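Notes to accompany the following structure.
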Amino acid sequence: MVQKIALEEHVLTPGLVDYWRPTMTEVPPAFVEQLYKQLTDFDALRLDSMDKAGIAKAVLSVSGPGVQAERDAGVATRKAREANDFLAEHIARHPDRYAGFAHVAVQDARAAARELERCVRELGFKGAMINGHTNGLYLDHTSLAPFWEAAEALGALVYIHPTDPLVPAPVLDGVPALRRATWEWGFETGSHALRLVFAGLFDRYPKAKVALGHMGETLPYLLWRFDSRAKLYNVKLAKAPSQYIKDNIVVTVSGVYAREPLMCAVDALGRDRVMFAADYPFENAEEAGHFLDDVAVPEDLRADIAFNNAAKLLGM
Ligand code: MN
């Protein structure tokens with residue numbers, strides 16, 4: 001097995017369980033309880049799964065929505081801080097196996113900037129994972145300037161994780177199998193990332209680093225079309241949209257274990273822009289790991305995707 005660093009590996013901390021359970025109402029109860037057990041375990045269950053998948057290090061993050069669903073900014077800020085402290089304690093018990101992404105409440109952008117700085121400088125976290133929109137607030141909003149200034153100054157990766165859209169798309173009415181991870185989250189999260197590009201966020205923060213899971217939420221496949229339409233609509237950016245996606249966005253393979261989209265992401269963005277993730281426990285970590293062990297790619301590319309790209313980007 002090739003040694004791996006995994007970037008989208010989820011946990012639940014005590015104060016955030018009540019945001020998570022309502023998102024599981026349509027999942028069979030026995031499976032919810034299995035997920036809960038896996039999400040709240042930081043020892044044998046998780047380490048055994050990592051060993052079987054060849055994951056040397058997992059960068060842990062809170063399973064959505066967390067405080068992205070909290071209406072009270074003060075409560076959100078406090079709960080994010082508590083979650084980060086809890087996560088840091090558990091990372092400290094297995095520091096050779098775990099690292100962390102901060103949980104951040106962007107409801108209060110200045111507090112979010114301070115918390116990100118504390119997590120990176122004091123707790124050794126590698127960046128932040130934001131679970132999509134925060135009650136409809138997307139990360140291109142100008143009120144979030146303090147957060148992006150901090151993220152850029154710290155060199156912190158901001159991983160945008162899927163979430164349910166604020167309003168379910170009518171086109172999926174009556175076809176529940178297309179909701180959420182099948183298709184809905186990809187459109188929601190890819191759109192979120194494209195808002196950052198088209199709103200000029202990366203002109204304002206040229207060193208900002210964003211990560212997307214799920215092989216880039218379809219963006220690598222569509223670069224030509226974004227550039228073509230940006231010209232048609234006279235979009236005012238310093239560079240073509242595709243160039244920001246190549247320069248400022250990295251992607252992980254989470255939940256998409258197939259060669260064709262992997263090669264598309266590598267070809268479209270560059271061989272140093274694609275990284276491994278198992279999306280534990282929502283995907284089977286062994287299946288994810290063995291996909292990368294077995295997929296037909298040159299060995300040096302396999303090692304870069306599995307380990308080297310993340311080690312370099314996150315300083316691990
Ligand atoms: Mn995930």
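Just a few scattered comments:
- From the list L313, L219, L237, L232, the lone residue that is in contact with a Gly (Cβ under 7 Å, 6 or more places away or on another chain) and either within 16 Å of the ligand (Cβ to nearest atom) or open to solvent by 20 Å² or more (accessible area, probe 1.4 Å) (or both) is L237.
- E115 being on the phi < 0 side of the Ramachandran plot, modelled with pLDDT of 95 or more and more than 19 Å from the chain's Cα centre (by Cα): no
- Selected residue (criterion: nearest to the ligand (Cβ to nearest atom)) from residues of the stretch 247-262 that are within 15 Å of G213 (Cα to Cα) and without any contact (Cβ under 8 Å) to a residue 40 or more places away in the chain: Y257
- Test: residue in the stretch 139-159 that is open to solvent by 10 Å² or more (accessible area, probe 1.4 Å), assigned to a helix (DSSP H, G or I), touching a residue at least 12 places away in the same chain (Cβ under 8 Å) and farther than 21 Å from I249 by Cα: yes
- The condition (being touching a Gly at 6+ places or on another chain (Cβ under 8 Å) and in a helix (DSSP H, G or I)) is satisfied by just one residue among K52, K37: K52.
- Among the residues of this structure, V253 does not count as one that is aliphatic (A, V, I, L, M), at pLDDT 95 or above and surrounded by fewer than 17 Cβ atoms within 10 Å (Cβ to Cβ).
- Residue within the stretch 289-300 that is touching a residue at least 40 places away in the same chain (Cβ under 8 Å) and not in a helix (DSSP H, G or I) present: no
- Hey, A58 out of contact with any Leu (no Cβ under 6 Å at 6 or more places or on another chain), away from the ligand (no atom under 16 Å from the Cβ) and open to solvent by less than 40 Å² (accessible area, probe 1.4 Å) or not: no
Okay, residues lined up against (1) closer than 26 Å to E287 by Cβ; (2) in contact with a strand residue (DSSP E or B) (Cβ under 7 Å, 6 or more places away or on another chain):
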position: P65; (1), (2): yes, no
position: Q68; (1), (2): no, yes
position: E89; (1), (2): no, no
position: A102; (1), (2): no, yes
position: L139; (1), (2): no, yes
position: P146; (1), (2): no, no
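The values are calculated or read from the model by the stated rules, or taken from the named source; none is laboratory data. None of the values given here were measured: they were computed from a predicted structure. Virtual Cβ from ideal backbone geometry, glycine too; neighbours counted across all protein chains shown. SASA here: full protein model, heavy atoms, side chains in, ligands and nucleic acids out. Shrake-Rupley method; radii C 1.70, N 1.55, O 1.52, S 1.80 Å.
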